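Reviewing the structure listed below.
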Amino acid sequence: MTTKILTLPVSPGEAETLSDHVFRKIQSAIVKGEIAPGSKMSEPELARTYGISRGPLREAIHRLEGQRLLVRVPHVGARVVALSQQELCELYQIRESLEGMACRLAAERMTPAVAGELRSVLEAHERDEAFQAGRGYYQQEGDYDFHYRIVQASGNQMLIRMLCDELYQLARMYRIQYSATPNRPRQAYAEHHRILDAIADGDGELAELLMRRHIRASRLNIEHQIAQGNLQRTEA
């Protein structure tokens, strides 16, 4: 089934950035669930929708495949990723291990100033309207993302590439999808504060343990939601 996407207005003078614009627009729609998992991405329809030629569009699609948001299916074409329950479990196992390591490294390297900045990020999360209403956790990316900032603070370039580039948007897609579970946003927020306290104290062992528990709790929450049938799963 092909999903219609809102037109992105661009002017002829912006031709050199069309691929970037379309890439960001489709990326956001996939991550936020506006384009359903498993949806077929029709190049002719996307080209008409965005008023873009096939060359820049294919470049954007290729970049989305590199982020694992799109998968190429033989004789079908590109589709939005739809992880099986087993694949989703494996993704969270990877996150648990690698983000735990990132916490330990961040505790060794994070300065008081950076810890203060990260505490301000959490304060911004608490003020978010959706969070206050219990509709979900704050979902801005990059420097406003608690997990992203910790990985960056680890200083390990290979970890940063894997968690802030290669797997980042795929992980965000599922973090957003399951963030509205009752009580989970407040629990996650409290867990974030305990993790940051351990990092700020320079206790890498405790920070790693707390982050691993935090991500494991998220995985168990997802497994519970799937078992309850609250969210339909589609095999990739």
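The values are calculated or read from the model by the stated rules, or taken from the named source; none is laboratory data. If you're wondering where the values come from, they're calculated on a predicted model, not measured in any experiment. Here the Cβ is made from the backbone with ideal geometry for all residues, glycine too, and neighbour counts use every protein chain on show. Surface accessibility is based on the protein's heavy atoms, side chains included, excluding ligands, DNA and RNA. Shrake-Rupley method; radii C 1.70, N 1.55, O 1.52, S 1.80 Å.
For the chain, what does the relative contact order come out to in percent, with C-alpha contacts under 8 Å and a separation of six or more? After rounding, I find 25 percent. Semi-axes of the equivalent ellipsoid for the chain, computed as √(5λ) from the eigenvalues of its C-alpha gyration tensor and ordered from largest down, come to 33, 21, 17 Å. I'd like the carbon and sulfur percentage of the solvent accessible area for the stretch 22-87, probe radius 1.4 Å, heavy atoms only, ligands and nucleic acids excluded. Within the stretch 22-87, the accessible surface is 49 percent carbon and sulfur. Computed over the chain, the per-residue total of -39500 (n - 2.57) for DSSP H runs of n ≥ 4 gives a 222 nm mean residue ellipticity of -19500 deg cm²/dmol, rounded to 500.
The calculated Kirkwood hydrodynamic radius for the stretch 30-89 is 12.2 Å, given to one decimal from all distinct C-alpha pairs. Per residue, the solvent-accessible area of the stretch 97-236 (1.4 Å probe, heavy atoms of protein chains only, all protein chains present) comes to 50 Å². Calculated accessible area for the stretch 39-95 comes out at 49 Å² per residue, all protein chains present (probe 1.4 Å; ligands, DNA, RNA ignored).
Between the amide H of Leu70 and those of Glu65, Val81, distances stay under 5 Å, these residues lying 5 or more places away or on another chain, with hydrogens modeled in the peptide plane. With every protein chain in place and a 1.4 angstrom probe, the accessible-area ranking of His193, His21, His214, largest first, reads His21, His193, His214. Per atom type, the stretch 103-193 shows carbon and sulfur on 48% of its accessible surface, probed at 1.4 Å.
Accessible area per residue was computed with a 1.4 Å probe on protein heavy atoms; Asp128 scores about 40 Å².
Overall, the stretch 51-133 carries a charge dipole of about 520 debye about its Cα centre when +1 sits on the Cβ of Lys and Arg and -1 on the Cβ of Asp and Glu, all other atoms neutral.
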